[in-house]
Amino acid sequence: MFKRTKVLENHQLYYFTTCTFCIAVRLSMWWFGLKMPLNNIIFNAQNRTDLINGGGKAQVPCLRIEGESGQVQWMYESADIIRYLKSKS
């Protein structure tokens, strides 16, 4: 069965490859059929800098959500991120 993919505009996930919590979030994205830009903070120093400057810490996973009026929310806990992603699927 073909699964449709939904692109979440104005969302970005900050992660690194071997983080088990990041893996759970990325697997959830696949399971829910969601896509968004993925920003690896280990292989790209600018992604790490953006995460720290925007969210205040280098903790991953972190979901950056930009609202319609331009306000930005930084969501850090994997369980919260997965619940949020499920609501968007």
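What follows draws every value from the coordinates through simple rules; no lab data is involved. Small disclaimer: the values here were computed from a predicted structure and weren't measured. Quick reminder, even Gly has a Cβ in these numbers, built from the backbone with ideal geometry, and neighbours come from all protein chains shown.
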Report, for the chain, the % of DSSP beta bridges that are antiparallel, rounded to 5. 60
Just subtract the alpha-carbon distance of residue 80 and residue 57 from 0.36 nm times their residue separation and send over the number in nm, one decimal. 6.6 nm
Highest first, please rank the peptides 36-48, 67-79 by the mean number of other Cβ atoms sitting within 10 Å of their residues. 36-48, 67-79
On the principal axes of its Cα set, how long, how wide and how thick is the chain? Give whole Å, largest value first. 40, 34, 21
What relative contact order, as a whole-number percentage, does the chain give when Cα pairs under 8 Å and 6 or more residues apart are counted? 34
Length gained, residue 68-residue 40, 0.36 nm per residue minus C-alpha separation, equals 7.6 nm
Lys/Arg +1, Asp/Glu -1 at C-beta; the chain dipole; positive extreme among 24, 78, 40: 24
Extension gain (nm, one decimal) between residue 27 and residue 4, 0.36 nm per residue minus Cα-Cα: 6.7 nm
